[in-house]
Amino acid sequence: MKGFSDEERDRIRAALMDAGRDLFARYGLRKTTIADLTDPVGIGTSTFYQFFDSKEALYAEILEAEEEAIAERIMATSFESEDDPRAAIEAFLHAIFEEIETNPLIRTLMVEDELDRLEAQYSAEEQAQSRREELAFIVPHVERWQAEGRLREAEAETIAGAIRAMPLLTLHQDDIGENYAAVRDLLIESVAAGLVAE
């Protein structure tokens, strides 16, 4: 087994991440092979396993990096920049939907049913922890607005969960058909309006 310097390891790992991001976005997890990932990097398939346990592990790491960048960007243009809860919720949901509908990697994950295969790698506790972390971005804003009397009373996690559940509508885009965009926008407005305290 060839040993790599730290610099070579960093370069190969970054190259695998780049190749994976491109290939998973284009072909999805199922259709991408280890050889597809290693060929552009110039390493053998057996060498891949010095860096990642599986292609699913590579995919998960790529998604984690992608989701962190997306979360920062979306939170900055919604909950962190809008003081009005309704406007913040609407901005957040519009941004999430746009990301799912236009980002090939996220779209493949959500719409092409890669999520189930990826989640199978994690224990129930790890999946629950991941969901708690996703909600943790929103919960402090919900709690603040509730304390100010501007959001309806319910568990903060429940409200955050309702907001985070909305993008699952993209899974039914084909079922909804040509009215999808109008349905999506009406539901975003309705959910945001329904969460604001009267």
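What are the residues in region 1-33 that are closer than 14 Å to Thr47 by Cβ, open to solvent by 50 Å² or more (accessible area, probe 1.4 Å), part of a helix (DSSP H, G or I) and in contact (Cβ under 8 Å) with a residue 12 or more places away in the chain, if any? Hits for region 1-33 are Arg9, Arg13. Please work out if Glu72 is assigned to a helix (DSSP H, G or I), at pLDDT below 95, open to solvent by 20 Å² or more (accessible area, probe 1.4 Å) and farther than 30 Å from Glu148 by Cα. Considered against the rule, which asks whether it is assigned to a helix (DSSP H, G or I), at pLDDT below 95, open to solvent by 20 Å² or more (accessible area, probe 1.4 Å) and farther than 30 Å from Glu148 by Cα, Glu72 comes out as no.
Scanning region 75-107 for residues being charged (D, E, K, R), open to solvent by less than 50 Å² (accessible area, probe 1.4 Å) and out of contact with any Asp or Glu (no Cβ under 7 Å at 6 or more places or on another chain) gives a total of 1. If only residues of region 54-69 that are surrounded by 13 or more Cβ atoms within 10 Å (Cβ to Cβ) and closer than 14 Å to Asn103 by Cα are counted, the one that is nearest to the chain's Cα centre (by Cα) is Glu67. State yes or no: is Phe51 open to solvent by less than 40 Å² (accessible area, probe 1.4 Å), aromatic (Phe, Trp, Tyr), outside any helix (DSSP H, G or I) and within 21 Å of Ile159 (Cα to Cα)? No, not satisfied. Of all residues in region 131-148, those being more than 12 Å from Phe79 (Cα to Cα), open to solvent by less than 50 Å² (accessible area, probe 1.4 Å) and not hydrophobic (A, V, I, L, M, F, W, C) number 1.
The values are calculated or read from the model by the stated rules, or taken from the named source; none is laboratory data. Owing to the predicted nature of the structure, the values given are computational and were not obtained by experimental measurement. Cβ atoms come from the backbone with ideal geometry, glycine included; neighbour counts cover every protein chain shown. The area values use the complete protein model at the heavy-atom level, side chains included, leaving out ligands, DNA and RNA. Shrake-Rupley method; radii C 1.70, N 1.55, O 1.52, S 1.80 Å.
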